[in-house]
Amino acid sequence: MKIHEYQAKEIFAEYQIPVQTFFVCKTVDEVVNAFDKFGGPVVVKAQVLVGGRGKAGGIKFCDSKEKAIEAATSIIGMDIKGLTVETVIVCSAVDIADEIYVGLITDRNTKSVLLMVSAEGGVEIEEVAKTNPEKIIKIPIDPQIGLLPHQARNVFFKVMKNGNHVRQAADILVKLYKVFIEKDCSLAEINPLVIDKNDKVIALDAKVNFDDNAMFRHPDYEALADYTDDEKLEVEANERGLSYVKLDGEIGCMVNGAGLAMATMDMINLYGGTPANFLDIGGSSNPQKVIHAMEYLMNDKNVKAVLINIFGGITRCDDVARGLLEAFKQMDVKMPVVIRLSGTNAKEGKELLKNSKELITADTMAEAAKKVIEAAKNV
Amino acid sequence: MSILINKDTKLVVQGITGRDGGFHTLKMKEYGTNVVAGVSPGKEGTNVDGIPVFNTVENAVKATGANTSIVFVPAPFAADAVAEAAEAGIKLIIAISEGIPTVDVIRITPILEKYGAKMIGPNCPGLISPGKSLAGILPTNIFKEGNVGLISRSGTLTYEMVNQLTTNGIGQSTCIGIGGDPIIGLHYIELLAMFEADIHTDAIVLCGEIGGDAEEQAAAFIKENITKPVVAFIAGQSAPPGKRMGHAGALITSGSGTAIEKIKAFEAAGVKVAKEPAEIPILVKKALGDKWQA
């Protein structure tokens, strides 16, 4: 789960990581009020859960009230990579002497929280990683010891000269690691960490992602969420025991298991169709779950036909077939549905579905994909 | 022969009195796995279908000589359960539990190293050596004894592949679901090396998916170290970036971890990549040549 910069900065402030004073604004008037409170040059920053805000024109320096009004008017409501900016923050402009990148992530390869520091602050770290990977210092943190102050200092001495700056940056980094662990993050990033003209080290930006698996430890996170409409559907589906991701194709998919669901989408692509979604109904043959799943597919205006691909393992195909029949009894399905049952009790499952007029059966994934694409063409 | 589990496996089930733990314990026992003990704190002295239950893994090991553990404990407590098994001297721990916080897995990793224990999973279906032993939740009826090893990040997609192999007369030595989380225990490289060393495995199927660069690392490893033929499949070619596809680890981030990159890496390493699951048995048969035993 991602949170906004201002929310991440509120967490930073809680842990005494120095951030600038900021005002959260939703209207031009609020931005003007904030400008008046600072009484000097400010920066207006779009709060949107996607990278590249600066490049998209979502961050603007304003040295006059007129410019603040202009910035607020253009940024609030603007579209950045498909997301509408509803909130901005206003903070005082900083005279930057130097900027560096500091990030913590959970890393697959080292199986640790990985510390990344680079003198190339302010730009997207992925770019640096591609073009100049040697400019990123990477250090796996020992989970049993944590991050010790001298380790933090040693890293910063590689990218800074002034001992005073290093001490401040190291103090910030030790606190950032504490945030990472205590808040169950998957990413905590300060880009850039800046040194201003008064020798103060400040987190100018803040990016924090939480580990979805750890949400049970943090019931307060739900209030921080700012989901898009598609993400709201995903979260709601999740609460119903389904894993759903909406895409923009025409073939609705319902599959048991994440890997098989991906492979089913791929299969539709391979045979010239476009998948409308990823949908994993998990290991249950509960009719209610099947009904919920069908509802997501039916409510998607782009869906022209549905492919149900079930591999019976512990879940028996005849149970799934019963669930489907029950689901179809309860809802009015107006589009072609192709179903492929395989594995445990597939034969019995197919027998049950034999007389159902709504369903087109298939024996293999390839046959099912071809049939559903054909059916979608004729809708 | 097989890798990791065989007739000498003595299994302890952590979380044996839970719904899933109890159900799959019986399935494993039915398959012939030597399930020697269960653990459920506070329930020592009871039994599940004749299998004695202990308060701690330590007690279970002392009383039964258990050498492998399978963990069905709910996610909030699962990492702790894995650490307990390692401390009690268990050398192979299979973590079935789904949804364990990543930080918890990171925290117990040094404990596994300290005690020389290997973990499979978490968030995995476990493993099976057909005809010998099952330590997992895989549906036994689709497997067949044979000489193909299989490693997969997925559950039902693994079953799909195995079913394709079995119905085409290709048996398996050991099949392992390594788990769909970003941070997991044993990965492709360790398992490829074990299959390479196993005299009864003649070909290996590797089923990967989007996210991370483990497949790329596996490809490089295969090129240098594996003499047996490897056939691969990558799921998620049509997945959009930035969206988690069910598995916590199946996520393309900032353009890396895509299926295309992985397929390219495998092909560059001389690994045949199947376009769809149905192509797997065809490629495997070709790779096995006269080692194909129907």
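Points to keep in mind about this one:
- Only one entry in B:241, B:229 is over 21 Å from the mean Cα position of the chain (by Cα) and either of a type outside the set (Val, Ile, Thr) or facing chain A (nearest Cβ under 7 Å) (or both), namely B:241.
- Residues of the stretch B:11-38 that turn out to be in a strand (DSSP E or B), without any contact (Cβ under 8 Å) to a residue 40 or more places away in the chain and surrounded by 24 or more Cβ atoms within 10 Å (Cβ to Cβ), as a count: 3
- Taking the stretch B:252-273 as the range and being free of Cβ contacts under 8 Å to residues at least 60 places away in the same chain and in a loop (DSSP other than H, G, I, E, B) as the test, the residues that pass are B:252, B:254, B:255, B:257, B:258, B:269, B:270.
- Meets criteria (closer than 18 Å to residue B:249 by Cα and in contact with a helix residue (DSSP H, G or I) (Cβ under 8 Å, 6 or more places away or on another chain)) for residue A:233: no
- Of all positions in the stretch B:193-209, none carries a residue that is within 14 Å of chain A (Cβ to nearest Cβ), surrounded by fewer than 22 Cβ atoms within 10 Å (Cβ to Cβ) and under 27 Å from residue B:27 (Cα atoms).
- Residue match in the stretch B:118-140 (condition: under 30 Å from residue A:182 (Cα atoms), without any contact (Cβ under 8 Å) to a residue 24 or more places away in the chain and surrounded by fewer than 24 Cβ atoms within 10 Å (Cβ to Cβ)): no
- Screening residue B:107 against (1) at the interface with another protein chain (Cβ under 10 Å from one of its Cβ atoms); (2) in contact with a strand residue (DSSP E or B) (Cβ under 7 Å, 6 or more places away or on another chain) leaves a single unmet condition, (2).
- The set of residues in the stretch A:70-97 being buried (at least 17 other Cβ atoms within 10 Å of the Cβ), among the β-branched types (Val, Ile, Thr) and outside any loop (DSSP other than H, G, I, E, B) consists of A:75, A:80, A:87, A:88, A:89, A:90.
- Within the stretch B:145-170, residues that are farther than 16 Å from residue B:283 by Cβ and at pLDDT below 95 sit with their Cβ atoms under 8 Å from residues that are polar (S, T, N, Q) and assigned to a loop (DSSP other than H, G, I, E, B), at 6+ positions apart or across chains, in these pairs: B:156/A:256.
- Search result, residues across the stretch A:278-314 that are surrounded by 24 or more Cβ atoms within 10 Å (Cβ to Cβ) and either within 14 Å of chain B (Cβ to nearest Cβ) or basic (Lys, Arg) (or both): A:278, A:279, A:280, A:281, A:293, A:307, A:308, A:309, A:310, A:311, A:312, A:313
- Residue selected from the stretch A:110-130 under the condition modelled with pLDDT of 85 or more and farther than 30 Å from residue B:104 by Cα, by the criterion surrounded by the most Cβ atoms within 10 Å (Cβ to Cβ): A:120
- Any hit, the stretch B:225-235, residues being surrounded by fewer than 16 Cβ atoms within 10 Å (Cβ to Cβ), of a type in the set (Ser, Thr, Tyr) and over 24 Å from residue A:106 (Cα atoms): yes
- Residue in the stretch A:98-109 that is surrounded by fewer than 20 Cβ atoms within 10 Å (Cβ to Cβ) and not in a strand (DSSP E or B) present: yes
- Meets criteria (within 24 Å of the chain's Cα centre (by Cα), of a type in the set (D, E, K, R) and within 14 Å of chain A (Cβ to nearest Cβ)) for residue B:275: yes
The values are calculated or read from the model by the stated rules, or taken from the named source; none is laboratory data. A quick note: this is a predicted structure, and the numbers were derived from the prediction, not measured. Heads up, the Cβs are rebuilt from the backbone with ideal geometry, glycines too, and the neighbour counts pull from every protein chain shown.
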